[in-house]
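Reviewing the structure listed below.
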Amino acid sequence: MEVSLIRSWWFPWWSIGGDRFRYLKSPTWGKVDHQKAKHLIKKFTEGHRYEVFVGTDSDIRDGEVVYATAVVVYRFGNGATYFYTVYKDGKNRDLYTRIFKEAEMSLEMARFVEEVLELGKPVVHLDIGYEGLTKDLVSSVIGYVKGMGYPYQVKPDSFAATKIAHKHTK
């Protein structure tokens, strides 16, 4: 059996992130299923060098935590496009718990990008930095991401989390 067939049987899209990845939203193409997203991204990147970034941000809105996870596909010298998901958690969580949940959700999306969308290993953008409220978490969260085998970037370079995903938590 071919490896891609084994991978699709062994890792169906719904086993990574559950229903969160059934549909992806895009400001360009609207709500699309993962197969359509894969097709659109392949068409967008055809003949171009590109890199993929994933990032998650969260915010408390109306007493619940809203998480947004973004997949940004950047064509070198030719712009970018992105897809995102939004997840609402009814529990109001403290900042530290939210930061680790953001990392976990970004890693789930990274695995989805790699194994279902077949775009290679993305760079995980983390909504943490060496200054501010999250500075005490930097080494732990980076260790988590590195331990899962993904490259990472933190503030101020983590635009997928701090700009794109952030926009969809509001």
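The values are calculated or read from the model by the stated rules, or taken from the named source; none is laboratory data. Owing to the predicted nature of the structure, the values given are computational and were not obtained by experimental measurement. When we count neighbours, we look across all protein chains shown, and the Cβ atoms used for this are built from the backbone with ideal geometry, even at glycine. What goes into the accessible areas is simple: the full protein's heavy atoms, side chains included, and nothing from ligands, DNA or RNA. Shrake-Rupley method; radii C 1.70, N 1.55, O 1.52, S 1.80 Å.
Assuming R0 = 30 Å, can you tell me the calculated FRET efficiency for the pair residue 48 and residue 170, based on Cβ-Cβ distance, to the nearest 0.05?
0.45
Tell me the mean residue ellipticity at 222 nm calculated for the chain from its helices only (DSSP H runs of n ≥ 4, each -39500 (n - 2.57), averaged over every residue, nearest 500).
-9500 deg cm²/dmol
In the full protein assembly as shown, how much of residue 99 is accessible to a 1.4 Å probe, in Å² to the nearest 10?
Probe radius 1.4 Å; accessible area of residue 99 about 10 Å².
Going out from 0 in 5 Å bins, what whole percent of all Cα-Cα distances in region 20-163 drops into each bin?
Pairs per bin, as whole percents: 2, 10, 20, 23, 20, 14, 8, 3, 1, 0.
Going toward the positive end of the dipole of the chain, with +1 on Lys and Arg Cβ and -1 on Asp and Glu Cβ, which of 112, 97, 152 do you reach last?
Among 112, 97, 152, the one farthest towards the positive end of the dipole of the chain is 112.
Angle check, please: helix 138-147 long axis (alpha carbons) against the longest principal axis of the chain (alpha carbons), in degrees 0 to 90, nearest 10.
In the chain, helix 138-147 runs at an angle near 20 degrees to the longest axis.
Accessible area per residue of the chain at 1.4 Å probe, in Å²?
53 Å²
For residue 75 and residue 146, what does the FRET efficiency come to when R0 = 35 Å and r is the distance between their Cβ atoms, rounded to the nearest 0.05?
The value I calculate is 0.85.
Take the eigenvalues of the Cα gyration tensor for region 92-139, scale each by 5, and report the square roots as semi-axes in whole Å, largest first.
In descending order the semi-axes read 25, 13, 6 Å.
Can you give the angle from 0 to 90° between the axis of helix 34-45 and the longest principal axis of the chain, with both taken from C-alpha atoms, to the nearest 10?
Roughly 80 degrees, rounded to the nearest 10.
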